[in-house]
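Taking it in order: structure first as structure tokens, then the write-up.
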Amino acid sequence: MSVNLILCICSFLTFVLLPVHVSAVANPINLNKNKVIESVKKAENHVAHHGKENAILEFRKKSSRIFAINFDGIVLASPIHPETVGTNQINFKDQTGVFAVREEIEKAKIGGGWLKGRYRKNHITGRYGCRKLYIYPMPGNYFIGSWYYYPATRKGECKF
């Protein structure tokens, strides 16, 4: 095999294949989505092994990234808004006029998944950005979910 052929192959691998692999893995949106789904799966497993009531108590801790709401709109766990636990939020409207909890319940009833990003205050940084929710239905007419934040566009829009 000639040196030129080896250099050609190395160049191809370095400049064509490597950037594709790195861009697919290093995309922060994909990393965050995967992390959220993994957290929700762990939460589902926690419920299965420890029971709903014990799991809900764990989800209420500030260190948790899991929230839980029943299909009537009663908040069971909310690490970001603990003041809402036990209250009915079915009529809660966000700053854009969307009935947020109703939207989450409807997503859970059709099998769960991602909701469009919403412009929210990041509870950690205090700055506004987009928060994307993942909803997962649970047996017993409630759902669990988690979220991640991502930057808004220059116009303040949440594109994902």
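Stretched out fully, how many nm does the piece from residue 35 to residue 103 gain, at 0.36 nm a residue minus the Cα gap?
Length difference between fully extended and current span is 22.2 nm.
Got a sec? Which residues in segment 48-85 would a label at residue 121 touch, if it sits 7 Å along Cα→Cβ and we count backbone N under 15 Å?
Residues 80-84 fall inside that zone.
Give me a comma-separated list of calculated 3J(HN,Hα) values for segment 153-160, in order, Karplus coefficients 6.51, -1.76, 1.60 applied at θ = phi - 60°, integers in Hz, x for any Gly or Pro.
Running phi through 6.51 cos²θ - 1.76 cosθ + 1.60 with θ = phi - 60° gives 5, 4, 8, x, 9, 9, 7, 9 Hz.
How far apart, in nm, are the 7 Å Cα→Cβ label points at residue 71 and residue 128?
In this crude spin-label approximation the distance works out to 3.6 nm.
Filter the cross-link list 41/107; 33/109; 35/93 down to pairs whose alpha-carbon distance in this structure exceeds 23 Å.
Among 41/107; 33/109; 35/93, the Cα-Cα distance tops 23 Å for 35/93.
With only alpha-carbon pairs counted, each pair once and no self-pairs, how large is the Kirkwood hydrodynamic radius of segment 85-160 in angstroms? Each step should come with its number before you reach the end.
Numbers: mean 1/r = 0.0754 Å⁻¹.
After inverting the mean inverse Cα-Cα distance, the result is 13.3 Å.
Taking the square root of 5 times each eigenvalue of the Cα gyration tensor, what semi-axes in Å does the equivalent ellipsoid of segment 28-150 have, largest first?
Numbers: eigenvalues 80, 58, 42 Å².
In descending order, the three semi-axes are 20, 17, 14 Å.
What distance in nm lies between label points placed 7 Å from Cα along the C-beta direction at residue 45 and residue 141?
3.0
Quick note: the coordinates plus some simple rules give every number you see, no bench work behind them. Nothing here was measured: the structure is a model prediction, and the numbers come from that model. Please note: Cβ atoms are built from the backbone with ideal geometry, for glycine as well, and neighbour counts cover all protein chains shown.
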